[in-house]
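Read through the structure below, which is laid out as structure tokens, and then see the notes.
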Amino acid sequence: MAIVEVERLSRLIGGIYDAAVDSSLWSAALERIADFVGGCSVALISRDAATPTIEVHHHFGPDADLRQLFRHGIAERDPVLAGAIDAAADQTICVADVMPRARFLESRFYREWAAPQGAVDSAAVVIERSDTRMTLLSVLRRADQGVVDEVTRERLRLLAPHIRQSTIMTRKIEAESRAATGLADAIDVLSTAICLLDGEGRVVRANAACRRLFADADLITAIGGRIVIRGTSADRMLHGLLGKEDDETTMGVHDEVEFLTSTRGSHYLVRAVVLGRARRQSGTATAAATSALFVQKASIATATAANLAAKAFRLTPSESRVLVAIIEIGGVPEVAKAFGVAETTVKTHLSRLFEKMGVSRQADLMKIVARFSVPFARSGDRE
């Protein structure tokens, strides 16, 4: 093969792999394939082994009406595709391999599909096959391009492994994309706000609950793409998080739960998780998430988490009710008013809570309960 042809093949192979990442590039890749192998119409298709059903993945060449005809039945009448049923991967087949030319010229496939394009021959190369499915590259050749010869066969064989790898890459990318979409959909239904950040504090991903917090701007918001948390302690926590390295001592470490009060007096529990250090390219951090913030309003899922904490610390029913009330309502005066009891009664229960749970502040009680809420759980917290 001449150097010019080698260079053309190299560019074509590059285009085939580019199409694995961006499926919109397949049309251009197939046009180059048509030019390289000598063809007026090229299609990447799959055929079910048990039925004549053809799935057209990508197509180049004919006008819209003919493409519709190909997708809705006529491809299933291509004698070359029928003859490829027993072909091995990378094997090429043309009309001469399956029937006499005179019979081909009398076929419905020729009359309705090939002839309107001025085609005189059909060829295919098997890209990949399994027990149930076969993928092929199908090519039509015009009269001025001649019937399929050894040069055409060899060029189709040269391209087949690269098209196969490209389609495998496409499937893997699509599978990962579906998994990422599924994960995004899953975290969007959570009531806990989840925000992924890069090494510069820019928001990489925020679930629906987090986006609502941003819009409310009572506790956290995003300014210029960077997260901003109201309050001095929260700001220290955020800067500390962004400064961590992804070594064995910090990777995946969960910081302590922070108990924060918003500008309007609502209580929130916040935990930061180190995911890794930002990779840098030419001095700029990439968009890889290196940390995550979990933000939960103190009243969210309190009953479940408090019940788990109550069992773990063997709290009495009265102590459990006070624990929930402290989290959901506020301080001793507010809880006493809500329960219709004296403040001293609430203080008595509160002191027992402190003793049983090993803390001395109400904020610490909230942190303990937070550890029993799934988004904040740490390995060993409930053992």
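The values are calculated or read from the model by the stated rules, or taken from the named source; none is laboratory data. Note that the structure is predicted; figures quoted are calculated from it, not measured. Here Cβ is always computed from backbone atoms with ideal geometry, including for glycine, and neighbour counts include all displayed protein chains.
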(request) Quick one: which residue in Ile229, Ile173 is under 20 Å from Ala292 (Cβ atoms), at pLDDT below 90 and not aromatic (Phe, Trp, Tyr)? (result) Ile229
(request) Of all residues in region 169-188, count the ones that are of a type in the set (Val, Ile, Thr) and in contact (Cβ under 8 Å) with a residue 60 or more places away in the chain. (result) 2
(request) Could you please let me know if Tyr110 is aromatic (Phe, Trp, Tyr), touching a His at 6+ places or on another chain (Cβ under 9 Å), surrounded by 14 or more Cβ atoms within 10 Å (Cβ to Cβ) and part of a helix (DSSP H, G or I)? (result) no
(request) Being in contact with a Lys or Arg (Cβ under 6 Å, 6 or more places away or on another chain) and modelled with pLDDT under 85 narrows it down to one of Gly182, Gly201, so name that one. (result) Gly201
(message) Is it the case, given these coordinates, that Gly146 is farther than 23 Å from Arg11 by Cα, of a type in the set (Gly, Ala, Ser), in the same structural domain as Glu55 (by TED's automatic domain parsing) and under 41 Å from the mean Cα position of the chain (by Cα)?
(response) no
(request) Taking Ala96 as the residue in question, decide whether it is among the small types (Gly, Ala, Ser), under 25 Å from Ala28 (Cβ atoms) and assigned by TED's automatic domain parsing to the domain that holds Gly38. (result) no
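Residue-wise test of (1) charged (D, E, K, R); (2) under 30 Å from Phe294 (Cβ atoms); (3) touching a Pro at 6+ places or on another chain (Cβ under 7 Å).
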{"residue": "Ala143", "(1), (2), (3)": "no, no, no"}
{"residue": "Arg153", "(1), (2), (3)": "yes, no, no"}
{"residue": "Leu156", "(1), (2), (3)": "no, no, no"}
{"residue": "Pro161", "(1), (2), (3)": "no, no, no"}
{"residue": "Asp185", "(1), (2), (3)": "yes, yes, no"}
{"residue": "Ile194", "(1), (2), (3)": "no, yes, no"}
{"residue": "Asp198", "(1), (2), (3)": "yes, yes, no"}
(request) Pull up region 357-372, narrow it to residues that are assigned to a loop (DSSP other than H, G, I, E, B) and not aromatic (Phe, Trp, Tyr), then point me to the one that is surrounded by the most Cβ atoms within 10 Å (Cβ to Cβ). (result) Arg371
(request) For region 189-205, state whether one or more residues are in a helix (DSSP H, G or I), over 30 Å from Asp63 (Cβ atoms) and within 19 Å of the chain's Cα centre (by Cα). (result) no
(request) Starting from region 204-224, take each residue that is in contact (Cβ under 8 Å) with a residue 12 or more places away in the chain and under 19 Å from Asp185 (Cβ atoms) and list its partners that are of a type in the set (Val, Ile, Thr) and surrounded by fewer than 15 Cβ atoms within 10 Å (Cβ to Cβ), counting only C-beta distances under 8 angstrom and pairs at least six apart or across chains. (result) Ala208/Val189
(message) Tally up the residues in region 18-71 that are closer than 15 Å to Thr167 by Cβ and in a helix (DSSP H, G or I), please.
(response) 10
(request) Identify the residue in region 169-194 that is exposed (fewer than 11 other Cβ atoms within 10 Å of the Cβ) and of a type in the set (S, T, N, Q) and, among all such residues, is farthest from Tyr268 (Cα to Cα). (result) Ser177
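So that you can scan it fast, the table gives a plain yes or no per residue for (1) farther than 17 Å from Leu136 by Cβ; (2) in contact with a helix residue (DSSP H, G or I) (Cβ under 9 Å, 6 or more places away or on another chain); (3) in the same structural domain as Asp149 (by TED's automatic domain parsing); (4) loosely packed, with under 13 Cβ neighbours inside 10 Å:
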| residue | (1), (2), (3), (4) |
| --- | --- |
| Asp18 | yes, yes, yes, no |
| Ser23 | yes, yes, yes, no |
| Ala29 | no, yes, yes, no |
| Ser46 | no, no, yes, no |
| Pro79 | no, yes, yes, no |
| Gln117 | yes, yes, yes, no |
(request) Restrict the check to region 64-77 and report whether at least one residue is in contact (Cβ under 8 Å) with a residue 60 or more places away in the chain and surrounded by fewer than 17 Cβ atoms within 10 Å (Cβ to Cβ). (result) no
